[in-house]
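Please read the structure below before turning to the comments.
The values are calculated or read from the model by the stated rules, or taken from the named source; none is laboratory data. The structure displayed is predicted, hence computed values, not measured ones. Methodologically, a virtual Cβ is constructed for each residue, glycine included, from the backbone with ideal geometry; neighbour enumeration extends over all protein chains shown. Note: accessible area is taken over every heavy atom of the protein model, side chains too, but ligands, DNA and RNA are not part of it. Shrake-Rupley method; radii C 1.70, N 1.55, O 1.52, S 1.80 Å.
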Amino acid sequence: MASSPPQPHGPDLEHRPDVKTHQAVADRLIAPGHDFGSVTDSISQIVLQRRTPGGWWIGFAFGFVLLQGLLLCTAKLLFEGVGVWGINIPVGWGFAILNFVWWIGIGHAGTLISAILLLLRQEWRTSINRFAEAMTLFAVACAAYFPVFHTGRPWVAAYWLMPYPNTMGLWPNFRSPLIWDVFAVSTYATVSALFWFVGLIPDLATLRDRAQSKPWKIVYGMAAMGWRGSARHWHNYETAYLLLAGLATPLVVSVHTVVSFDFSAGLVPGWHATIFPPYFVAGAIYAGFAMVLTLSIPLRKFYGLEDFITMKHLENMAKVMMATGLIVAYGYTMEAFFGWYSGNQYEGFTIWNRMTGPYRNLYWALIFCNVFWPNLLWIKNLRTSVPFLFVSSLVVGVGMWLERFVIIVTSLHRDFLPSSWGLYAGTQMDWAAYVGTIGLFITLLFLFVRFLPAISIFEMRTLVPAAEMPEGKE
């Protein structure tokens, strides 16, 4: 194995602005004193350590227990039907669609961090892109659960959502936004999975070379697909990674735009608004970055990764969350303004009903969580406080869930016929399914952290001082 190149030094380095700029950025993105070997050792050791930490078993057991609850409530749902949920007339959409939109939104930050920030050459993405990409895949898996069972009898109906050739000449209704969802989300999941796996290949080769167990050497070796780190391998890798980033970039905008069409393409007052697509996209990035903070803060503390996930990373994520939060706040304001300015009595009634009707407490709670609380991040002392950032990420996660509840339920529970007005609340089965998908997410996340590098090894190595060699000093 070739030795690491010497660390650059001398007057030539001091007078090169590009090297000084790179080093100034790197000093904030990785703690001083690291070299190629220490970066590789610190990250790969989490996966290759022989004894699994006790804390990992506790977290995994917690998620696995919640997952068993999901399996039990799914069995009851299959035997008794969707009547076990709280959906009724006029609220035909409830927790299932609400949680679908919430989970899809959470998955947005992973693709944004991986694709768009890569194309914009933002180096601060290197410490968080790997588990953000994994978070995307796990969130999409959780989201897919709800529409499949919401259709009823998925063994009969689910496959009809795809353009399945058949002798009866039956095809999906391509004018339905629900069909658009199927194509958008399945494409999003496929590209995200490929992007995640391609990025893993060099690190899988590192684990293959360092693993002590023969079975794990074989497993990681097969997954690494014969990677040897040659110039040809790196060329093919960079080409594929860049192409996938280009494919994934429009998906960041398109996927949640299509999801918003589930509502805005209809004529239901409170849904029929042209502002929904950008407003939903901003909200998805908002919720996604909140979830990345929720995951990264405990991860860096438990595994001692403060050298790699620095305060600069957390502050940058807080700034993105603050910016998207302002866009979401603008969306709330314009939504209320349109209801008044349009002169449409039904739109005006729906907005007023949200503010003063039976669900007014939930509406004002979401305003507090998504508008007032994130504006505290303007204060630098709070924005650089790890406990405050963690609490803020949880507050935003709750607020975005409440937003979906308010949009869906308050637009349905009081329709054009007052005699059919009613209230909606999730049943025990609704809550069990929601909490169970959280268990699925936690279970998959803990398995990922244990068996795959949660931080990109080779990308972190590009931030160490030895990675930036002055010309003529090789």
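So here's what we get for this one:
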| item | result |
| --- | --- |
| Residue within region 157-172 that is closer than 20 Å to PHE280 by Cβ and in a helix (DSSP H, G or I) present | no |
| Test: residue in region 252-263 that is over 20 Å from the mean Cα position of the chain (by Cα) and surrounded by fewer than 16 Cβ atoms within 10 Å (Cβ to Cβ) | no |
| Residue match in region 312-324 (condition: among the β-branched types (Val, Ile, Thr) and under 17 Å from the mean Cα position of the chain (by Cα)) | yes |
| Residue match in region 149-169 (condition: hydroxyl-bearing (Ser, Thr, Tyr) and closer than 23 Å to ALA248 by Cα) | no |
| Residue in region 333-348 that is touching a Phe, Trp or Tyr at 6+ places or on another chain (Cβ under 8 Å), buried (at least 20 other Cβ atoms within 10 Å of the Cβ) and closer than 30 Å to SER456 by Cα present | no |
| Criterion (touching an Asp or Glu at 6+ places or on another chain (Cβ under 8 Å), surrounded by 16 or more Cβ atoms within 10 Å (Cβ to Cβ), in contact (Cβ under 8 Å) with a residue 12 or more places away in the chain and under 18 Å from LEU445 (Cα atoms)) met by exactly one of PHE195, PHE138 | PHE195 |
| Selection status of ASP307, out of contact with any His (no Cβ under 9 Å at 6 or more places or on another chain) and either open to solvent by 10 Å² or more (accessible area, probe 1.4 Å) or part of a helix (DSSP H, G or I) (or both) | no |
| Filter result (small (Gly, Ala, Ser) and touching a Leu at 6+ places or on another chain (Cβ under 9 Å)) within region 311-334 | ALA318, GLY325 |
| Residue satisfying all of: in region 198-231; assigned to a loop (DSSP other than H, G, I, E, B) and closer than 27 Å to MET135 by Cβ; most open to solvent (accessible area, probe 1.4 Å) among these | MET225 |
| Top-ranked residue of region 62-112 - restricted to ones that are in a helix (DSSP H, G or I) and of a type in the set (S, T, N, Q), ranked as nearest to SER254 (Cα to Cα) | THR111 |
| Candidates MET429, MET400 - the one that is within 21 Å of PRO277 (Cα to Cα) and at pLDDT 90 or above | MET400 |
| Residues being in contact (Cβ under 8 Å) with a residue 60 or more places away in the chain, under 26 Å from VAL395 (Cα atoms), open to solvent by 20 Å² or more (accessible area, probe 1.4 Å) and over 13 Å from the mean Cα position of the chain (by Cα) - total across region 264-297 | 1 |
| Some residue of region 103-115 being open to solvent by less than 50 Å² (accessible area, probe 1.4 Å), in contact with a His (Cβ under 7 Å, 6 or more places away or on another chain) and farther than 30 Å from GLY325 by Cα | no |
| Filtered residue count, region 401-427, keeping only those that are over 22 Å from ALA287 (Cβ atoms) and in contact with a Cys (Cβ under 8 Å, 6 or more places away or on another chain) | 0 |
| Subset of region 141-176 that is crowded, with 17+ Cβ neighbours inside 10 Å and of a type outside the set (Gly, Ala, Ser) - its residue that is modelled with the highest pLDDT | CYS142 |
| Count - residues of region 372-387 that are open to solvent by 30 Å² or more (accessible area, probe 1.4 Å), without any contact (Cβ under 8 Å) to a residue 60 or more places away in the chain and not small (Gly, Ala, Ser) | 10 |
| Hits in region 292-304 - residues which are closer than 19 Å to THR126 by Cβ and in a helix (DSSP H, G or I) | VAL292, LEU293, LEU295, SER296, ILE297, LEU299, ARG300 |
| Test: ASN375 is outside any loop (DSSP other than H, G, I, E, B), within 18 Å of TYR424 (Cα to Cα) and modelled with pLDDT of 90 or more | no |
